[in-house]
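Here is the structure we will look at, set down as C-alpha cells.
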Amino acid sequence: MERVVYVIGHRNPDTDSVASAIAYAALKVRQGMGNVVAAMAGPPNHQTRFVLEKLGIPEPVYLPDVHPKVRDILHRQPITLSPGDSVYEALEKFHRHQVRSLPVLDSQGVPQGVISLLRLSESLLLPCPEQQRLITTTFAALTRTLGGNLIAGATDDAPLSLKLFVGAMHEESFSERIGGINPEQLLVITGNLRSIQEAAIEKKVRMLVITGGHPVDPDVLDYARRQGVGVLITPHDTATAAWLTRLSTPVTLVAEGKIVTIGTGEPLYKLRQKLLVSGEAAVFAVEEGGTLAGVATKSSLLAPLPFALILVDHNETGQAVPGADAVEIIEVIDHHKLGNSHSDTPIPFFTAPVGSTCTLVAMRYRDSSLEPDRHMASLLLAGILSDTVIFKSPTTTALDREVARWLEGVAKLDASSFGNEIFAASSSLRAYPSARDAVTADFKIFSQDGKTIGIGQVEVVGFQDFYEMKADLLAALTELRLKENLFLAGLMVTDITTESSLFLVEGYTRIAHFMDYPQLEPHLFELKGVMSRKKQMVPHLLRILAKQ
C-alpha cells in the first residue's frame, strides 16, 4: 500500500498555515505525487474558517497527533491456529509461513494461548524416556493427522492420554509386553498382522491403528466393534504413523496460556517496551473487543510507517503536530527562523525571509510552470494578506507584494478589498468562544537558554473588546503558563488600523525592568508600531531572556 504524505502546518494553525498546506498538497498532486493529503494540527481559527467558507474549500484533515501506533506497522493477516488443530498442523504452518509464534484463537477470534516454535521443538526433540510412549490426543485430531479413516469407535473430541505401542512382533511377545498396562490407555499401531490385531482387540485396547492402508478383515472389524475398540486405517507406513501419532496432540493441550497483548491504538514505543521486557518472541495486537488484529515481533519494529510529513509554515518539532519527531519528514517549506532537528536523509528545504509561507508556495507553483486554479490562488492570496496584515506588517517584503499581484490576476480579486473583508469579518475578540480560545488560537512556543516562553497573537480593529475581556484573558494566560510549564506566557493584541499592539503578559515578574516599552498597568505593555510577533516581539523577548 502506498504511504500517505500529510502536508501539515504548526499547532494552533492560522490562515497562512492552513492555506499553505492545502495549496501545497494540491501542487504535489498536480506534479504527480500520489496519496498527498492536506492536514492541520489543530482546529482552524475564526479567520481561517471564514476564508475557507467564503471560498468553498473544505477544511483539511484534522490530525491531533501523528505518534506512530501499533496498527501502523501491523500485518493484518496473521497466521493462526484453531483449538482443534494438531501439533503437526502447527509445524506445517511454522514451516510454510516462516513464523516463530502462532496464536491459538477461540471461535470468536480471541487469543487463548500461544505456540512457539522454540518451545514446541524442545518438547518434541529433547530426550525424555518416560514421556516417549505417552500420547495426548483426540480421535478427531489423530484421524486428521494420520490422514486416516476411522472405521470403528467414537469420534468425539474428548482429550485422551494414551501409551503408544507398535505391534511388529510375534503375538506372544506383543501380548506379554502390554499385559500389565490398562488397556483403556493403549494405542496400538500395526500393519496387516491379523494375529496382532486380534490380540489387541481381545485386550480391548482403546485404539488400533492399521498402517499401509491395509483393509481389515470383516470378521476382525466386527470383533473390534463388539469389543468397543476404535480402529483407524492410515495410508502411512508404521514408522511414519508412529511419528505422526506423537504430533496429533491438539494445540490447546500444549499451548502456553500466558500471552502478551497490546491494543492496536497503543503507541509504538509501548510495543517496543513489551517486546524487549517480556522476553517473548511475539506480542499479540488486539482490537478493542479483544479479537486478534495481528502478531508483532521485533522485526515489526523495522516496518516502514504508512505515512510521512511535509511541514509548512514551521520547521521546529516543538511547534509541530505531536509525534512529528517520530515520523519521517520528507520536505519543509517555511519562512521562520531555523530550529529544525536533523533528518536521516537529505530533504528539500525551502525557506526565505518573506512575510508568508503562502508566498513561497505560490513561488513553487511558478517554478513548476503551473498556475493555481482560481480557488487555490484566492486561498494563497488570503494567506499572504493574513500573515502580512494586508502588507502592513514589517515582515512584508517586495516578493510578497509581487506574488500577491500575480495571484490577484489569477483569482480575479482586489487584494486590498479582499484583505479588508477578511479582517473585518474575523478581527474581533468576541468572535472567539472563550478567552482561552482567543489566547490559544495562534499560540507559539519558543525556547532560549533552557527557558520556554509562549506568545499568542490576535488581530483586532480597536482595543475596546480587549479591555472588556482583559481579566479573562489574563486568567487564561495564567492557566496556560502553568499547564505548559512556561517561564512566560503572553498575548499580542494587534490593532490593524493603528498598526500597534498591546502585550498582556503573565509569569516573569521582573520583565517590566527590561521591556523597553511603556507599561500601562500591571501585566500590560503598549507596543506602538509593533505588529509582527516573528520579527519584532519574539526576538526582543529572546534577547531579554539571554540576559537573565
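Within the chain, helices built from complete DSSP H runs that reach 27 Å or longer along their own axis (Cα positions) and carry a mean Kyte-Doolittle hydropathy of -0.5 or higher are 464-484.
Put a plus charge on the Cβ of each Lys and Arg, a minus charge on the Cβ of each Asp and Glu, and nothing anywhere else: the dipole of the stretch 430-546 about its Cα centre is then about 420 debye.
Taking Cα centre as origin and charging only the Cβ of basic (Lys, Arg, +1) and acidic (Asp, Glu, -1) residues, the dipole magnitude of the chain rounds to 660 debye. Using only side-chain charges placed at the Cβ, +1 for Lys and Arg and -1 for Asp and Glu, the dipole size of the stretch 47-98 relative to its Cα centre rounds to 160 debye. Oblate is the label for the stretch 430-546, because a/c, from the alpha-carbon gyration tensor with a ≥ b ≥ c as root eigenvalues, is 1.5 or above and a/b does not exceed b/c.
Between H314, V461, T345, the Cα set farthest toward the positive side of the dipole of the chain (charges on each charged residue's Cβ, about the Cα centre) is that of T345. Dividing the summed helix terms, -39500 (n - 2.57) for each DSSP H run of n ≥ 4, by the number of residues in the chain produces a 222 nm estimate of -10500 deg cm²/dmol to the nearest 500.
Legend: residue pairs K392/K528; K392/K535; K163/K203; K337/K444; K163/K204; K451/K528, Cα-Cα distance threshold 18 Å; pairs beyond threshold, K451/K528. DSSP bridge analysis restricted to the chain gives an antiparallel fraction near 45%, rounded to the nearest 5.
Share of Cα-Cα pairs in the chain beyond 40 Å, in percent?
Values: 74178 of 149878 pairs.
Value for the chain: 49 percent of Cα pairs lie more than 40 Å apart.
For the stretch 6-97, the average shadow cast by the Cα convex hull is 9.9 nm², which is a quarter of the hull's surface.
Using C-alpha pairs below 8 Å separated by at least 6 residues, the relative contact order for the chain is 15 percent.
Quick note: the coordinates plus some simple rules give every number you see, no bench work behind them. Since we're looking at a predicted model, the values are computed, not measured. Note: ideal-geometry Cβ built from the backbone for every residue, glycine included; neighbour counts use all protein chains shown.
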